[in-house]
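Take a look at the structure set out below.
The values are calculated or read from the model by the stated rules, or taken from the named source; none is laboratory data. This is a predicted model, so every value here is computed, not measured. As a convention, Cβ positions derive from the backbone with ideal geometry for all residues, glycine included, and neighbour counts pool all protein chains shown. Note: accessible area is taken over every heavy atom of the protein model, side chains too, but ligands, DNA and RNA are not part of it. Shrake-Rupley method; radii C 1.70, N 1.55, O 1.52, S 1.80 Å.
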Amino acid sequence: GCTLDGKLYPFGEIARTENCFRCSCSQEAMRCCSLFHTPTSYDKENCKVVFNKKSCDYDVVLKSDPSKECFVFSRV
C-alpha cells in the first residue's frame, strides 16, 4: 500500500483520504489531488475562510457571525 500523513492506504483508487484528497496508489507512486477549491475573491474585510473537513471544502463566513455564509466570487 501507500502511506500518506502516517496512514496506510491500499493499492488502487482512494476516493477520499482523511485530509480531503483523492488519490491513486500504485507500487510506483501515490498521486493525489485535492477535493477542495480555495476561495480567492470574497469580502476579506468582513468575512473569513474556515476549512470544513466534513464537506472537504472551505466555508467563507462572516467574522461577526460565523453561522452566516458570505458570497464567494471565485475559487481556485
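Here are the numbers for the structure shown:
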read-out: Contacts under 7 angstrom Cβ, first residue in segment 62-76 being part of a loop (DSSP other than H, G, I, E, B), partner surrounded by 10 or more Cβ atoms within 10 Å (Cβ to Cβ) and basic (Lys, Arg), 6 or more apart; value: Lys63/Lys48
read-out: For Arg16: the one exception among (1) outside any strand (DSSP E or B); (2) at pLDDT 95 or above; value: (2)
read-out: Conditions (1) under 18 Å from the mean Cα position of the chain (by Cα); (2) at pLDDT 95 or above: number failed by Phe36; value: (2)
read-out: Failed item, numbered, when Gly12 is tested on (1) closer than 30 Å to Ser67 by Cα; (2) of a type outside the set (A, V, I, L, M); (3) open to solvent by less than 60 Å² (accessible area, probe 1.4 Å); value: (1)
read-out: Complete set of residues in segment 39-60 that are part of a loop (DSSP other than H, G, I, E, B), among the polar types (S, T, N, Q) and within 10 Å of the chain's Cα centre (by Cα); value: Ser55
read-out: Residue list for segment 20-30, filter: open to solvent by 60 Å² or more (accessible area, probe 1.4 Å) and either within 12 Å of the chain's Cα centre (by Cα) or assigned by the TED database to the domain that holds Asp57 (or both); value: Phe21, Arg22
